[in-house]
Every structure is written in C-alpha cells, then in structure tokens.
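This report refers to the structure that appears directly beneath it.
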Amino acid sequence: MSELSWRKPRVEEFEAVTAVVNASERRDRLPEVTPADEVRHDLADEDVDAIVVESDGRITGYSYAYLPPEPGREQHFATLFAYVHPDWRTEVGDRLVAWAVASGEVFLVG
C-alpha cells in the first residue's frame, strides 16, 4: 500500500483532477464526462469544500461537498461527490466517501 496524502486541491490542478473524475466516470460507464471547465469552477468556488488524495505525487481521488441554495422548509441537504481513479478504488474509495459525508454533515449541522 502506498502512502496517501490528503489536502485541499489547488485551482491550477484542474487538469489532473479532471483526469481522475473522467477515469472514474468512464469506469462507472456514465454516459457523459465532466468538462474541465466545470472542475476548474468547482475548485475555485469558495463555497465548495474539496479534497484530493495523492499517492506518490499523483492525484488519485477527489471529493467535494456543497450546500445548494436552500430548497425549502421541508428539505435540507448537502450535495456530495467522490471520484477515485479505478486503479485506487480499494485503497481510497471508502475513506474518500467517509470524508464527503463528514463534510456534508458540517454544512448541515454546523
């Protein structure tokens, strides 16, 4: 098992993050891939809580959470996304999803 590091992503890393997102989407056979401009926007958004996972200097996972505009009195939710490069899913996936859930809970309960 390689040593993993967890940190906030930088906007200028959008291409490496997009590569992980797209590899994950292709593996899951999603009909579309996320455009690099969308990833760059999310990385620059101060209202988005994001993290990347690195192994040997390579980004292998990416997750983010945000609180959408208040949907109403009856509903209150955070939106979570987690992407792991297919080669790293067993090492990174569960921990990255757990981070996303914890981040979403912070938005909801403060």
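The values are calculated or read from the model by the stated rules, or taken from the named source; none is laboratory data. A quick note: this is a predicted structure, and the numbers were derived from the prediction, not measured. Note: ideal-geometry Cβ built from the backbone for every residue, glycine included; neighbour counts use all protein chains shown. Protein only, heavy atoms only, side chains kept; ligands, DNA and RNA dropped before computing areas. Shrake-Rupley method; radii C 1.70, N 1.55, O 1.52, S 1.80 Å.
Do any strands (runs of 3 or more DSSP E) lying entirely in the chain carry at least 3 residues that are in contact (Cβ under 8 Å) with a residue 12 or more places away in the chain and in contact with a Lys or Arg (Cβ under 9 Å, 6 or more places away or on another chain), and which ones are they? Before you say what the answer is, go through the steps one by one.
Values: elements: 4-7, 49-55, 58-66, 79-84.
Strands (runs of 3 or more DSSP E) meeting the threshold: 49-55.
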Members of the stretch 23-63 that are open to solvent by 70 Å² or more (accessible area, probe 1.4 Å) and closer than 16 Å to His85 by Cβ:
Arg26, Arg27, Asp28, Arg29, Leu30, Val33, Asp56, Arg58
Restricting to the stretch 31-60, name every residue that is modelled with pLDDT under 95 and over 26 Å from Glu105 (Cβ atoms).
Pro31, Glu32, Val33, Ser55, Asp56, Gly57, Arg58
Given the condition surrounded by fewer than 18 Cβ atoms within 10 Å (Cβ to Cβ) and hydrophobic (A, V, I, L, M, F, W, C), answer yes or no: does some residue in the stretch 82-92 qualify?
no
